[in-house]
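Taking it in order: structure first as structure tokens, then the write-up.
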Amino acid sequence: KILLNEGRLVLSSDSPNTEGIGISSGSFGMSHVSAIMLASAQFWFMEGLKQFTAGQDLRNIALLRCNLCQCCKIRANANVILPGFNKGDSKECNSEVFLQEAVDHLVLAHETMGQRDSDPMTWDMVSEELAATLLVLGVRRRQSSKIGTTSAEPVMLQALRLTPGA
């Protein structure tokens, strides 16, 4: 998460200095840089996962699965086409695919740990992340099913009606 926060700070800079790093601002946008950084992070998380799996380090396997989950969630919310999908693919479909992949990583983290007693703090962290990810996935699926209906009322208006005090 620290790496992602630092990357966000670098990428959100108003005047990025691309001199000396081989990126010309005319041909390579910052969104592409973030896509490359995300792909790199996923690669290294997968490499770490192989090493920790070989060493049977259950806590670090679970933590790397949480990091991979975060990468999937970033891809689900990305506004750029990242490697693995075409421009013609539906963004809603991509979001659901990436969110489902995030859920799968967290389920595998739980399966790796086996039971809560092995490491309660890590188990609870994975559980909280899994609950939040399932909620987001459920909301996305609900929104995409509402959009597919013939309802003339926008999804936001429907959601506002369900919010107490609004």
Of everything in segment 98-123, what is buried (at least 16 other Cβ atoms within 10 Å of the Cβ) and small (Gly, Ala, Ser)? Give them in sequence order.
Ala102, Ala109
With modelled with pLDDT of 90 or more and out of contact with any Pro (no Cβ under 7 Å at 6 or more places or on another chain) as the only criterion, which of Glu92, Glu128 stands out?
Glu128
Any idea which of Ala54, Ala39, Ala76 is modelled with pLDDT of 80 or more and buried (at least 18 other Cβ atoms within 10 Å of the Cβ)?
Ala76
Cβ pairs under 8 Å, 6+ apart or interchain, first in segment 41-59 and more than 19 Å from Cys71 (Cα to Cα) and part of a helix (DSSP H, G or I), second open to solvent by less than 100 Å² (accessible area, probe 1.4 Å) and hydroxyl-bearing (Ser, Thr, Tyr), ordered by first then second residue, are Leu58/Thr112; Leu58/Ser118
In segment 60-69, how many are more than 19 Å from Phe98 (Cα to Cα) and free of Cβ contacts under 8 Å to residues at least 24 places away in the same chain?
1
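The values are calculated or read from the model by the stated rules, or taken from the named source; none is laboratory data. Everything numeric in this text was worked out from a predicted model, so none of it was measured. For neighbour counting, all protein chains shown are included, and Cβ atoms are generated from backbone atoms with ideal geometry for every residue, glycine included. When the accessible area is computed, the model is the full protein with side chains, heavy atoms only, and any ligands, DNA or RNA have been set aside. Shrake-Rupley method; radii C 1.70, N 1.55, O 1.52, S 1.80 Å.
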